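What follows is calculated from the coordinates using simple rules that are stated; it is not laboratory data. If you're wondering where the values come from, they're calculated on a predicted model, not measured in any experiment. With ideal geometry, Cβ positions are generated from the backbone for all residues, glycine too; neighbour counts draw on all protein chains shown.
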Amino acid sequence: MASATTSTAAPARPAAARRERSRTVPGWVWALPPVAVLGLVFLYPLGLVVQESLAPGAYASVFASASFRDALLTTVWLALGATVGCLVLGFVLALIVAFVPFPGAKAVSRFIDVFLSFPSFLITLALLFVYGTVGMANGLWTGATGAAEGPFHFLTTPWGVLLAEITYFTPFVMRPLLAAFSQLDTAQLEVASSLGARPARIVRRVILPEALPALAAGGSLVLVMCLNEFGIVLFTGAKGVTTLPMLVYSKAILESDYAAACVVAVVNVAISVGLYGLYRVVSKRAGA
Amino acid sequence: MTSGIRFDAVSVAYGDTTVLDALTLTVEPGEVMALLGPSGSGKTTALRTVAGFVRPRSGRVHIGDRDVTDLPPYKRGIGMVVQQYALFPHLRVDENVAFGLKARKHPRAEIPGRVAEALEMTGMAAYARRHPRELSGGQQQRVAIARALAIRPDVLLLDEPLSALDAQLRSGMLAELARLHRELPDVSILYVTHDQVEALTLADRIAVMDRARLQDCGTPQELYRRPRTEFTASFVGNANLLPVRVTAGGAELAGTALELPTDGAAPGSSATLCVRPHLVGLGAGPNALTGRIAEVQWRGATHRLYVDVGGHRVKADVRELRETPPLGSEVTLHFAPEDAVLLAAGVNDG
Amino acid sequence: MLVHSRTGRAASWALFAVLFVPLFAVPLLVILAASFSTHWSGAFPSGPTAGHYTAAVRGESLQALTTSLVTAAAASALALTLGTWAALAAAALRGRGRRLLDALFVLPLAVPSVVVGLAVLVAFSRPPILLNGTRWIVILAHTVLVTAFAHQSVSAAIRRLDPMYEQAAAGLGARPWYVLLRVKLPLLLPSLGAAAGLCFALSMGELSATMMLYPPDWMPLPVLVFTATDRGSLFTGSALAVVLMATTLLVLLAVSRIRTKATYR
């Protein structure tokens, strides 16, 4: 090889180098096909939704309607409540799995992974059997007291949705937490407890600071997912609980009022994407 | 065959940090050049400019007669072995070795022969059907070398190839590398290491790097016997570095006149005297220095004496003593004039 | 070990059991139990039967299952191709281009599935592309929804991939294309398998966008579970849900088998 190139005269070299470099396609060209596909199947449809929402009077009439304002309020407080619930519950459960290990703790983490791969509406379906009018809890009550009817009727209220959302989304908080806990140096805990710190103090001063990034990331993810949740609300079948995604569905499919559906969709997307942007920033920090 | 490497004022910078500062160095065809230096000295960066993974901010890199500065790595025709071996875990040993040949569209019929040859050369023929994960560190190292050699490169780049091996394996592999080089006398080797033993054993010449710059370059003997800078003197082998004042026929250390070659240093100027500890003898002789024993370490075949001479600590490695002198006792040391080197003060800071 | 006293540990475990079992374990068990029963009287289900299952693997239900399987397989394959391509292209870029591409491909994660359904419905019910009323609109929406997940897990895997393999290959004379096919993709195979499993599971359980889009002849299993429970056939719904969960798990298991094989090859 070297002997072959020996004959290459010195002045010819820069030209040859330039020719060889120009043959490689710049990197951004390879990014074009996937962007084009995404544009066609996602960005273009989303753009049309925005365009439809701009129909004359659509925003005014939607914003003026009580059902929209109710749905907005319900969506936000359900999402916030569920997020807080998931954070508290997830933190406690992850803490026990990670730091008070018991036989089968591994199986629990495995179970959580499996749980995440199931659709959310299964939870509501199960709750119907547990707390429904003829379900387990009411059955136990009527059996024990002889009353004609059990006391649990919350399933078709926002509280039922809240319970289902906390149940379904808690694993989404536990997973990043368990990952963060597994990286926590156990020597730190041992040193802290050898210095006489009690468990509550160790949790507050050592574990919680380490878990904050994971909590923030998990919490914002759950918040966005709760804002967008549809299956759980649909399955409760409660007329009194309407969230923004539910409103999009009913306006578009049941009432065929596309302009209104698009307005609600735009509002929902604005809230979610804004929060998701926040989540990305937070989780980037957590990763650093 | 003309296949050396030429660095022509090659500089590399990341942002404001210069990691390689105007390196000019020539590796002759068939030569083993060691780039020796501490971590962060720019030696690995220099090697990666040859491989094409780092683009110089300025300067040119030549392999043989080709200016490769603007070529992508896959057009450079180099063989490279890195610290972590980088064997492809999803391929068998023979597939790893064949990788370069297949990637370069080598005639299919010749590939098995070339693979067998490379594995034979590194003593790994019996492991051809294994996967990398089934091999020990030393074996993986041999496969990595076989993979680099299979493409018959003109230039072999070795980036700390032995640093992941334990001490015993390392000396064995060092002998192997020396043998391989004897079998392939035309291949130029650029060998990056922070280990002076590897550099002294294997290299025809050593380029000493520190703080992004080339400090010194020469044969191992030259660098060891006549280092040009304090950095070289202390990094290649052990050294006593003593501040002295140059006189007409030698130098003066803490009031004691010493006789040694001054190489034209101006009398009256300050300089650093470099003398290797094992060339310092115990007892009276030329260039005698008197001081008190500060510490004695037994090192098996030798004793290392630390002696305070007029406020300066002098190290002497002497043959094992039957009776070690007590701490604080007065001893006399000496060294031959030709064993000492005067280093101009401030060369290292340049 | 955080809690050292025996009672403290027992108390922690009791707390865990009290929270975990009713919230997570019971719901799944309840569905399983209900799927084998004819009615639920008092605390426990009664009237054991396997009838729901014999019905669940026949006729309409079987068709819904195959519909779901085909949809999930097609959407996963498309999403994996698109997401992997985008992740690889982004990895080759630097700075702003890379961030822009990554942001574009995670955007579907933040948009509610219902809105994705609505958008796809609005866009493909009009020329130039008319897909409304066909199965393709369902597959398309599922692809959009799971692409972001595929992209995310593949780009995470690419970030974890040690650049030394790529460099070793390039040093041996392999062009970028050859490096991609012979080194990068094989090394990414386990992660691609995981991403495929994730996409498949998500698509199998997708309800929100599907409810907006499904044509009568392409009704996936979750929709059937909903229509069953909506008309009061909770036990049939449970059996269908169990079939859905079991199928998802089986496919995930198979994928993880392939993954371990690939890792130890």
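In table form, for the structure just shown:
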{"read-out": "Rel. contact order, % - alpha carbon contacts under 8 angstrom, at least six apart, chain A", "value": "27 percent"}
{"read-out": "Sites matching trypsin sites (Lys or Arg not before Pro) across segment C:84-158 that sit in DSSP coil, with at most 11 neighbouring C-beta atoms within 10 Å", "value": "C:94"}
{"read-out": "Chain A shape via C-alpha gyration tensor axes, a/c threshold 1.5", "value": "oblate"}
{"read-out": "Residue with peak Gaussian network fluctuation, chain B [Cα springs, cutoff 10 Å], from B:79, B:291, B:218", "value": "B:291"}
{"read-out": "Centroid-to-centroid separation of segment A:133-180 and segment B:243-307 [C-alpha atoms, Å]", "value": "87 Å"}
{"read-out": "Cα-derived Rg over Rh, computed across the protein assembly as shown with Rh taken as Kirkwood radius", "value": "1.10"}
{"read-out": "Mean ellipticity per residue at 222 nm, deg cm²/dmol - from DSSP H runs of n ≥ 4 across chain C, formula -39500 (n - 2.57)", "value": "-24500 deg cm²/dmol"}
{"read-out": "Rounded Å value of the spacing that divides the Cα centres of segment B:46-123 and segment A:209-278", "value": "53 Å"}
{"read-out": "Whole-Å distance, taken between Cα centres, linking segment B:129-205 and segment B:216-231", "value": "24 Å"}
{"read-out": "Percent antiparallel among DSSP beta bridges (both partners in the protein assembly as shown, rounded to 5)", "value": "80 percent"}
{"read-out": "Residue exposure sequence - B:315, B:105 - by fewest surrounding Cβ within 10 Å", "value": "B:105, B:315"}
{"read-out": "FRET efficiency, 1/(1 + (r/R0)^6) with R0 22 Å, evaluated for residue B:238 and residue B:164 via beta carbons", "value": "0.25"}
{"read-out": "Label point at residue B:226 placed 7 Å out along Cα→Cβ; residues across segment B:241-264 whose backbone nitrogen lies under 17 Å", "value": "B:260-264"}
{"read-out": "Normalised contact order of segment B:121-219, rounded percent, pairs of Cα under 8 Å and 6 or more residues apart", "value": "22 percent"}
{"read-out": "Separation in nanometres of the label points that stand 7 Å from Cα toward Cβ, at residue B:308 and residue A:200", "value": "5.9 nm"}
{"read-out": "Residues B:61, C:21 arranged by fewest to most Cβ contacts within 10 Å", "value": "C:21, B:61"}
{"read-out": "Protection-proxy order for peptides B:326-333, A:171-178, each taking the mean of Cβ atoms within 10 Å per residue, highest first", "value": "A:171-178, B:326-333"}
{"read-out": "Chain C: angle of helix C:59-92 to the longest principal axis, Cα-based, in degrees nearest 10", "value": "30 degrees"}
{"read-out": "Nearest-0.05 FRET efficiency for residue C:181 and residue A:113, computed from C-beta distance (R0 41 Å)", "value": "0.85"}
{"read-out": "Chain A: calculated mean residue ellipticity at 222 nm from DSSP helix runs of at least 4, using -39500 (n - 2.57)", "value": "-23500 deg cm²/dmol"}
{"read-out": "Sorted peptide list for C:162-173, C:112-123, criterion being average Cβ within 10 angstrom, highest first", "value": "C:112-123, C:162-173"}
{"read-out": "Charged-residue dipole, Cβ positions (Lys, Arg, Asp, Glu), segment B:97-194 about Cα centre, Debye nearest 20", "value": "440 debye"}
{"read-out": "Most fluctuating residue given options B:108, B:211, B:60, as computed from a GNM of chain B linking Cα atoms under 10 Å", "value": "B:108"}
{"read-out": "For chain C: rounded, prolate or oblate by the Cα gyration tensor [a/c cutoff 1.5]", "value": "oblate"}
{"read-out": "Pair residue B:299, residue B:120: separation of 7 Å Cα→Cβ label points (nm)", "value": "4.5 nm"}
{"read-out": "Footprinting exposure proxy for C:235, C:16 (fewest neighbouring C-beta atoms within 10 Å first)", "value": "C:16, C:235"}
{"read-out": "Three semi-axes of the equivalent ellipsoid, segment B:226-282, Cα gyration tensor, whole Å, largest first", "value": "19, 14, 9"}
{"read-out": "Size of segment A:73-241 as Cα extents on the principal axes (Å, biggest first)", "value": "59, 38, 27"}
{"read-out": "Rounded to the nearest 20 debye, dipole of the protein assembly as shown from Cβ charges on Lys, Arg, Asp, Glu", "value": "1200 debye"}
{"read-out": "Spacing of the two label points (7 Å from each Cα toward its C-beta) at residue A:281 and residue A:105, in nm", "value": "3.6 nm"}
{"read-out": "Sequence-separation-based contact order of segment B:238-349, relative, with Cα cut under 8 Å and 6+ spacing, percent", "value": "31 percent"}
{"read-out": "Length released on extending from residue B:292 to residue B:270, taking residue separation times 0.36 nm less the Cα-Cα span", "value": "5.4 nm"}
{"read-out": "Shielding by partners - mean other protein chain Cβ count within 10 Å, residues of C:147-153", "value": "1"}
{"read-out": "Within segment B:122-143: backbone nitrogen closer than 17 Å to the residue B:102 label point (7 Å, Cα to C-beta)", "value": "B:128-133"}
{"read-out": "Net length gained if the chain between residue B:133 and residue B:248 were fully extended (0.36 nm per residue, minus Cα distance)", "value": "34.9 nm"}
{"read-out": "Listed residue (B:300, B:14, A:254) projecting farthest to the positive dipole end of the protein assembly as shown, Cβ model", "value": "A:254"}
{"read-out": "Estimated FRET transfer efficiency when R0 is 60 angstrom, pair residue A:140-residue C:92 (beta carbons, to 0.05)", "value": "0.45"}
{"read-out": "Around residue B:240: net Lys/Arg minus Asp/Glu count, Cβ-Cβ under 9 Å", "value": "+3"}
{"read-out": "Local net charge near residue B:293, Cβ-Cβ under 10 Å (Lys/Arg +1, Asp/Glu -1)", "value": "-2"}
{"read-out": "On Cα atoms only, tilt of A:13-22 relative to the major axis of chain A in degrees", "value": "20 degrees"}
{"read-out": "DSSP H segments from chain B that extend 18 Å or more along their own axis, Cα-based, with Kyte-Doolittle mean of -0.5 or above", "value": "B:137-150, B:167-183"}
{"read-out": "Given charges at beta-carbon only (K, R positive; D, E negative), |dipole| of chain B in Debye", "value": "1200 debye"}
{"read-out": "Of all DSSP beta bridges in chain B, antiparallel share, percent nearest 5", "value": "75 percent"}
